[in-house]
Amino acid sequence: NSFCTLLAAMDDHKAAEHQEDDVVELQPVASPPEASGYDAVAAELQETFEDNVILVYPDDHDDDDDDDDDGAVAEGGVDSCSATRLRDAVPDASDEQTLTQSNSSITRQRGKKQRHTSVSKAAFHIFKGNVGVGIFLLPMVYNDAGYLGSPIIGSAVGLLVVDATLMLVRVKHLINNDKVTSYPDLVRYVFGKPLQKAVNWMIVGTQLGFCLMYVQTAAGIFAELWPFAGAYTTFVLVSTAALVPMTFLTNNLSVLAVSSMLATVLVFVSVISTFFNSAVTLQSDGVAESTTAFGSFSKLPLFLASQLTVLEGVCVVLPVESSIKKEKKPAFQRMLLRTLGTIVAMYAVYGSTGYLAFGSSLTQSTVSVMPRGPFASCVRLALALNLLLTHPLQFCPAIQICDRAMKVDPAAVNKSGKAIATRLVINFVIMSLALVVGPDALDLVLAFI
């Protein structure tokens, strides 16, 4: 269609110049012509415009091949280079606006096509959606079930989560409805609108719970790096003041994407550093005396809730799956099984190593027990910055649900009194809870989530 649009633009351009001898009478059509038609058009245009125009068109005219990952014109369509050659064929300064408008129209038409994600990129999204700040709290959570019970029960819970996630994908395929692209969509299709609303508000509570935990942890780390009287309270207030403007960027995905990439790098550095510190401590000091094999039975529900929380990427799976090409769907399911299985195994190893090294003395994240020094301070700072950069990403889906419930126009969020007031109130509540609960009650917040 973009190819035929360019031909029509060429026709209009030549007609405007009243050069009837050079006009190629071609009209846009609803679907691309056959291969022989392309060849005939190319030959006629080359003869008319000599060698000043180069046409780019598909070798394979299957519609599926036009949907490249990034919408590039690797296999079809017309790129800006072709438009430049066309402009050279009939040079006139007054015609530049016409050709620019034509090229913009082609770009808009190409932008309407669905952009597909490769299986490897999907694996990154699944991994990133599940590996967050919860991994740093696993050694502390393992105190509830012990060094033997925790990896066994945690792995069993992880396998149930993996099975449930694969089941969601299979149900989506059984529904076979293009409008079902997310977890709430699936709930509405199967159970109806009332339960979808309930799930939406559960997502709001979950995401804002993460925001609370991030403010707690970040302020606690800053207070350790720069200790003084009232340090935790001060850093909660400062962190909230820095985060409030970012919570108004729910529609600026480019800014959120940059913060997401920076947060990914920082969390990767923090995970490697803290695991290395736990392994070195375990090797040099042996198993901590405060460890137990199976923990306390009364804390088992709390442990189960925490294990479910750290596998937090269930809401990411269906949107990512919807961005995969149809022929790649089987490969996506295999990748999903391998990726989630790897995450479950990684959690078991990380949690067990940290708990065996530090035992019940660990009351916060594994970053808090790193030895004092420049490197440890950099790791602490990296984790704190990662939490603050991730906060708006966790805040985004929750506030978007609130905006839809209030019927706020997404394009006018910063001009809506209801939207502004809602964001300010939510940030104030999160700040107040962080001050009341304190940095040492992360396990309770984790269980709530």
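List of remarks:
- Centre separation in Å (Cα based) which lies between region 291-364 and region 196-233: 20
- Residue-wise HN-Hα coupling along region 158-175, computed from phi with Karplus coefficients 6.51, -1.76, 1.60 (Hz; x: Gly, Pro): x, 5, 5, 5, 4, 5, 5, 5, 5, 5, 4, 5, 5, 5, 4, 5, 5, 5
- A dipole drawn for region 119-448 from +1 and -1 charges on Cβ atoms has a positive end, and of Leu212, Cys315, Pro374 the residue lying farthest that way is Cys315.
- Per-pair calculated FRET efficiency, R0 = 56 Å: Ser361 and Tyr189 via Cβ, rounded to 0.05: 0.70
- Each Cα pair under 8 Å and six or more residues apart adds its separation to the average, and for region 119-448 the resulting relative contact order is 43 percent.
- Surface share of carbon and sulfur [accessible, 1.4 angstrom probe, percent] for region 119-448: 70
- Across the protein chains, with a 1.4 Å probe defining accessible surface, the residues Ile152, Ile203 rank Ile152, Ile203 from largest area downward.
- Simple Cβ-charge dipole of region 119-448, Lys/Arg +1 and Asp/Glu -1, about Cα centre, in debye nearest 20: 1280
- Mean Cβ count within 10 Å, highest first, over the residues of peptides 401-407, 361-367: 361-367, 401-407
- Once the C-beta distance of Val238 and Leu424 is scaled by a Förster radius of 22 Å, the resulting FRET efficiency is 0.85 to the nearest 0.05.
- Electrostatic tally near Ala219: other residues with Cβ closer than 13 Å to its Cβ, Lys and Arg +1, Asp and Glu -1, net -1.
- Farthest positive-ward along region 119-448 dipole, Cα basis, beta-carbon charges - from Leu137, Ser273, Met167: Met167
- Cα-based shape type of region 119-448, given that a ≥ b ≥ c are square roots of the gyration tensor eigenvalues and the cut on a/c is 1.5: oblate
- Over region 306-449, accessible surface divided per residue gives 43 Å², non-protein components excluded, 1.4 Å probe.
- Of Phe448, Phe136, the order by accessible heavy-atom surface (1.4 Å probe, DNA, RNA and ligands excluded), from most exposed downward, is Phe448, Phe136.
- Dipole magnitude (debye, nearest 20) for region 248-352, charges at Cβ of Lys, Arg, Asp, Glu: 580
- The 3J(HN,Hα) values that the Karplus relation (6.51, -1.76, 1.60; θ = phi - 60°) gives for region 293-300 are, in residue order, 6, 10, x, 10, 5, 5, 8, 4 Hz. Gly and Pro appear as x.
- For Met202, the solvent-accessible surface with a 1.4 Å probe is about 120 Å², rounded to the nearest 10.
The values are calculated or read from the model by the stated rules, or taken from the named source; none is laboratory data. Here the structure is a predicted model, which is why all the values come from computation and not from measurement. We place every Cβ from the backbone using ideal geometry, glycine too, and count neighbours over all the protein chains shown. When the accessible area is computed, the model is the full protein with side chains, heavy atoms only, and any ligands, DNA or RNA have been set aside. Shrake-Rupley method; radii C 1.70, N 1.55, O 1.52, S 1.80 Å.
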